[in-house]
Amino acid sequence: MTAPTTTADAPDETAVADDGTGRAVRRFGVLALAAAVVVGLLLGYAGGLLTPQLTRPGDSSAEAGFARDMTSHHSQAVGMGLLAFQQGTDPEVRQIGVDIATGQQGEIGIMQTWLRSWGLDPAGSEPVMAWMPDGAKLVKNGLMPGMATPQEMSALESAQGRAFDVMFLNMMIRHHLGGVHMIDGVLDASDDPEVTRVAQTMKNTQQTDLANLQAALTRLGG
């Protein structure tokens, strides 16, 4: 899970070359973050494997739908977090990106392990958000609550400087708000103790993230 973000500097990086624009290439920092993301995923898998399953949710269950949809939702957040680490200019923004990328990758590992232990396909045949009573109306242009459009992701990738930092913070706030709504959905629908335990931890973490994201946005005048 993501740890509460502080305003400490982002992870160490080594400038090894110039990219032609006067900015040093953050090679070693990116490699270290990539390694951390992989470790987070493996730890998530391990955590899921250690959880005993006395009963197995079915293919159309809220638990299976949540695991599949939140995996996709988290995957976009991981990508956004990696962009924040690579392109952010504010130290806190870069640290927030690291925390979200590593923490949510670990949670993806947990949810994918659940699906395997339940004997279910990672993709499934149910429509997106079908497991939530209000799920169908929450899907906009195929996107789950809070998710960025391809155009928004392209704009984020192209942004630089303070404009990037502010755009990332706004997009991640919206992304987390959508994620919390989905988490509330599975907490209402599920009586599986492991699923509800992990979901509640996700909610707590994302609410802490939201406070940090909003504070950073206010500080930057976004």
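The values are calculated or read from the model by the stated rules, or taken from the named source; none is laboratory data. The model shown is predicted, which means the values in this text are computed figures rather than measured ones. Glycine also receives a Cβ, built like all others from the backbone with ideal geometry; neighbour counts cover every protein chain displayed. Calculation scope for accessible area: heavy atoms of the full protein, side chains included, ligands and nucleic acids excluded. Shrake-Rupley method; radii C 1.70, N 1.55, O 1.52, S 1.80 Å.
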_With a 1.4 Å probe and all protein chains kept in place, how do L83, L187, L213 rank by accessible area, largest first?_
L187, L83, L213
*Sequence-distant residues sharing a close amide H with A130 (under 5 Å, placed H)*: none
*Give me the percent of the accessible area of segment 99-222 that comes from carbon and sulfur atoms, probe 1.4 Å, all protein chains in place.*
54
_Sites Q200 and R174 - FRET efficiency at Förster radius 22 Å, r taken between beta-carbons, to 0.05_ = 0.50
*asked:* Run the simple label-point estimate for S154 and A215 please: 7 Å along Cα→C-beta, distance reported in nm.
replied: 3.7
_Can you compute the modelled spin-label distance between S117 and D191, with each label point 7 Å from Cα toward Cβ, in nm?_
2.0
*Residue by residue, what Karplus-based ³J(HN,Hα) values in Hz, rounded to whole numbers, does segment 105-119 have, using 6.51, -1.76 and 1.60 with θ = phi - 60° and x for Gly and Pro?*
5, x, 5, 4, x, 4, 5, 5, 5, 3, 4, 5, 5, 8, x
*Simple spin-label model, 7 Å along Cα-to-Cβ: S125 to T55 in nm?*
2.3
